[in-house]
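So the structure is just underneath, and the comments pick up after that.
The values are calculated or read from the model by the stated rules, or taken from the named source; none is laboratory data. Note that the coordinates shown come from a computational prediction; the quantities given were computed from them, not determined experimentally. Positions of Cβ are generated from backbone atoms using ideal geometry, with glycine treated the same way; all protein chains shown enter the neighbour counts. Note: areas computed on protein heavy atoms with side chains; ligands, DNA, RNA excluded. Shrake-Rupley method; radii C 1.70, N 1.55, O 1.52, S 1.80 Å.
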Amino acid sequence: MHHLQPNTTLQGGKYRIKRVLGQGGFGITYLAIDIALDKQVAIKEFFPKDYCDRNESTSHMTLGTASATDLVLKLKAKFLKEVRNIAKLDHPGIIKIHAAFEENNTAYYVMDYIEGENLSDMVRRNGSLSAERALYYIEKVGEALQYIHDRNINHLDIKPANIMVRREGDSPILIDFGLSKQYDSEGQQTSTTPTGISHGYAPMEQYNDGGVKEFSPQTDIYSLAATLYFLLSGVTPPQATKLVDEELTFPQSIPANLIAPISKAMATSRKRRYDTVGKFIEELTTSEDTIIEPIPSKTLGTQPTKKGTGTTPHKPSTKHGNMKWLKVALVGIVIIGGLITGALLLQDTLLADTENNKQPYTGYINGHEWVDLGLPSGLKWATCNIGASSPSDYGDYFAWGETMTKSEYAVENCKTIEQEVGDISGSPQYDAARANWGGSWRLPSEAECEELENKCTWTWTPQGGHNGYQVTGPNGNSIFLPAAGFRLESSLYGAGDNGYYWSSTPFESYSQRAYYLYFLSSDHYVYRYSRDYGQSVRPVSE
């Protein structure tokens, strides 16, 4: 194991490790005891896992290759430098650092242990937050961000998982400054080490070499807005590279009056974003006056809320006043009559659908649409693939048992190859649906894919410019599965002709394979395939 074992002591017995709290690409965070004070603390260990290993007998960090030595030493120097910078910060919304030291051929810092949970876990456990609560957290984090921006520091890793909410007082605390950069008085970076990326929360400039070499509050503002998007919807925003050619779409759970501020803060171009956190927060908190148009009853539940345009009321002139009031009265009568008629029509429609045992349109779970197909299991199928913006969009590709997309799919970098892993449905560690959408979403099992294949009518048809199957359930409702093909190494194969959708069930007789739902225009069935292939994921929920 890469991490320190429980009961390991540091600093000559001053601290005792209890357990791992979390691990990222560059470090491991532990829950520990400050023995002298009999107090729980958190300790962050510098450990770039792609370049290092650990000697189990000594706990020392070792380098995987000699060629990595220079880079690791630079990264460790940056780690200690940033710790010293953060230790100087004094703000109630920023994690407090108490000590730093070198040991085990690496470096550590000691900080407050916050009893609570991060915003990512909170949303995945309870679902999306109310606008009032989400804005409270964002405003408080914004104050902490403004504080560090005033000191020429960019955090560069703002995301729900890096915002802890203290159980006592419900106060958000900004943590994990591992990717942060300090800039000089001219706005130039004081270190040149590489910058990490949190997909969905990092803006386009963080994908470009040298993109954050100059101080840019707009970079953190993008990430803060993306975090708000997640809190309100339970959906991780599309990664910035996709937003270069596509507009950001908003789930219905995001209030219409917040769409414009979020859109501006998440603009692809830095110049189009707010230049200070304060301006972004002000737009969010003053946007409550924006008029929100009601959704027509026939589309309620299937279309995103639209933002209306506010108008300034004015006093009608004496000459035309009576006529205008008459028009207003007539319009009011028409609207009321329309509402009554619409209500009656909606009642008739619902009654008819009840008689036909159909559910005419989708519901929502954490901002994602689902359809009840009338299957014996009662399972609800999502209308879109993970990463898709519409039912016909191919979406993202995942190796079996992995929760992130990647640039190359091969046996060598597949995490579950040769592992005896049980059914992964609902596991945040292995299930791409649960990890990306949260809530009760998960991968379907082999049996549930079989149910979809056997109990539904499958019709090969184009939709939205893509071929695929219209899958119609026993109650007449349907979903569309696009023929998205699969990814192997860095190439896409079979798109438009074949569909490959992972189940959560491993093939027990051979640890390199797992079951999947496969189709082409002439057939469809459930079979087993190599886990390293990048395939589509269509979530389900109970």
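Among the residues making up segment 440-457, those that are open to solvent by 20 Å² or more (accessible area, probe 1.4 Å) and either closer than 15 Å to Thr236 by Cα or in contact (Cβ under 8 Å) with a residue 60 or more places away in the chain (or both) are Ser440, Arg442, Ser445, Glu446, Glu448, Glu450, Glu451, Glu453, Lys455. Restricting Lys415, Lys406 to residues that are within 18 Å of Leu488 (Cα to Cα) and in contact (Cβ under 8 Å) with a residue 60 or more places away in the chain narrows the list to Lys406.
For segment 72-103, taking the residues that are assigned to a loop (DSSP other than H, G, I, E, B) and open to solvent by 20 Å² or more (accessible area, probe 1.4 Å), the one that is nearest to Gly24 (Cα to Cα) is identified as Lys96.
Among the residues of segment 1-53, those identified as in contact with a Leu (Cβ under 9 Å, 6 or more places away or on another chain), open to solvent by 60 Å² or more (accessible area, probe 1.4 Å) and outside any strand (DSSP E or B) are Phe26, Tyr51. Checking Pro474, Pro482 one by one, the residue that is under 21 Å from Glu451 (Cα atoms) and open to solvent by 10 Å² or more (accessible area, probe 1.4 Å) is Pro474 and no other. Identify, from the list Tyr501, Tyr518, the residue that is surrounded by 15 or more Cβ atoms within 10 Å (Cβ to Cβ), without any contact (Cβ under 8 Å) to a residue 24 or more places away in the chain and within 19 Å of Ala433 (Cβ to Cβ). Checking each option against the conditions leaves just Tyr518.
Yes/no per residue for (1) assigned to a loop (DSSP other than H, G, I, E, B); (2) open to solvent by 10 Å² or more (accessible area, probe 1.4 Å); (3) small (Gly, Ala, Ser); (4) free of Cβ contacts under 8 Å to residues at least 24 places away in the same chain:
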site	(1), (2), (3), (4)
Gly169	yes, yes, yes, yes
Ala202	yes, no, yes, no
Gly210	yes, yes, yes, yes
Thr227	no, no, no, no
Leu232	no, no, no, no
Val235	yes, yes, no, no
Ala260	no, yes, yes, no
Asp275	yes, yes, no, no
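Just one of (1) in contact with a strand residue (DSSP E or B) (Cβ under 8 Å, 6 or more places away or on another chain); (2) in a loop (DSSP other than H, G, I, E, B) fails for Pro474. It is (1). Looking only at residues in segment 134-161 that are within 18 Å of the chain's Cα centre (by Cα) and open to solvent by 10 Å² or more (accessible area, probe 1.4 Å), the one that is nearest to Gly200 (Cα to Cα) is Lys159. Of all residues in segment 237-252, those being outside any helix (DSSP H, G or I), surrounded by fewer than 22 Cβ atoms within 10 Å (Cβ to Cβ) and out of contact with any His (no Cβ under 8 Å at 6 or more places or on another chain) number 7.
Regarding Asp431, is this residue in contact with a Lys or Arg (Cβ under 9 Å, 6 or more places away or on another chain), open to solvent by less than 50 Å² (accessible area, probe 1.4 Å) and within 18 Å of Gln535 (Cα to Cα)? Break it down into steps so the answer makes sense when it comes.
On the way: in contact with a Lys or Arg (Cβ under 9 Å, 6 or more places away or on another chain): yes; open to solvent by less than 50 Å² (accessible area, probe 1.4 Å): yes; within 18 Å of Gln535 (Cα to Cα): yes.
The answer is yes for Asp431.
Tell me, yes or no, whether segment 61-71 has at least one residue that is under 22 Å from Leu179 (Cα atoms), open to solvent by 30 Å² or more (accessible area, probe 1.4 Å), among the charged types (D, E, K, R) and touching a strand residue (DSSP E or B) at 6+ places or on another chain (Cβ under 8 Å). Scanning segment 61-71 turns up no residue that is under 22 Å from Leu179 (Cα atoms), open to solvent by 30 Å² or more (accessible area, probe 1.4 Å), among the charged types (D, E, K, R) and touching a strand residue (DSSP E or B) at 6+ places or on another chain (Cβ under 8 Å).
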